[in-house]
Amino acid sequence: MMPERDSSPFHSGELEVQRRAGVDDNIRKHAKVAIRKEMPVQHRDFFTKLTYVLVGSADKDGRPSASVLTGPRGYMSSLNPTRLLVRAGRSADNT
């Protein structure tokens, strides 16, 4: 049986993928502890040290894509526990 959305840190698409893959409820129990709504201080500090991050997005038709955002140390920062600021622009070869 699938848990209700408000009891899971996963969105409906992730829950559907898990259902199709036969993932049991055990992963969702662990995820409630591992996936938080706020970033601990050590995570916030970690992001400031990175020079790249992988991100996912969807276009206007819902098609997913992945990108690599790069920058010097400090191009990402966290002003508070719930927000990550990424100062990345478009690459020169991305028209």
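The values are calculated or read from the model by the stated rules, or taken from the named source; none is laboratory data. In this text the structure is predicted, and so the values were computed from the model without any measurement. No Cβ is skipped: glycine too gets one built from the backbone with ideal geometry, and neighbour counts run over all protein chains shown.
Taking segment 68-83 as the range and being at pLDDT 95 or above and hydrophobic (A, V, I, L, M, F, W, C) as the test, only MET76 passes.
Determine which member of the set SER8, SER65 is surrounded by 10 or more Cβ atoms within 10 Å (Cβ to Cβ), touching an Asp or Glu at 6+ places or on another chain (Cβ under 9 Å) and either at pLDDT below 95 or not hydrophobic (A, V, I, L, M, F, W, C) (or both). Working first, answer last.
On the way: SER65 fails: surrounded by 10 or more Cβ atoms within 10 Å (Cβ to Cβ).
None of the other options fit; the residue is SER8.
Go through the residues of segment 69-76 one by one and say whether even a single one is surrounded by 12 or more Cβ atoms within 10 Å (Cβ to Cβ), touching a residue at least 24 places away in the same chain (Cβ under 8 Å), within 22 Å of PRO9 (Cα to Cα) and in contact with a strand residue (DSSP E or B) (Cβ under 9 Å, 6 or more places away or on another chain). No, every residue in segment 69-76 fails to be surrounded by 12 or more Cβ atoms within 10 Å (Cβ to Cβ), touching a residue at least 24 places away in the same chain (Cβ under 8 Å), within 22 Å of PRO9 (Cα to Cα) and in contact with a strand residue (DSSP E or B) (Cβ under 9 Å, 6 or more places away or on another chain). Among the residues of segment 11-28, write down those that are under 24 Å from PRO81 (Cβ atoms) and at pLDDT below 80. Residue satisfying the conditions is ARG28 alone. If the condition is being part of a helix (DSSP H, G or I) and small (Gly, Ala, Ser), then segment 19-41 contributes ALA21, ALA31, ALA34.
The number of residues in segment 14-60 that are of a type in the set (Asp, Glu) and in contact (Cβ under 8 Å) with a residue 12 or more places away in the chain comes to 2.
Output the residues belonging to segment 42-63 that are assigned to a helix (DSSP H, G or I) and out of contact with any Pro (no Cβ under 8 Å at 6 or more places or on another chain). GLN42, HIS43, ASP45, PHE46, PHE47, THR48, LYS49 - these are the residues of segment 42-63 that are assigned to a helix (DSSP H, G or I) and out of contact with any Pro (no Cβ under 8 Å at 6 or more places or on another chain).
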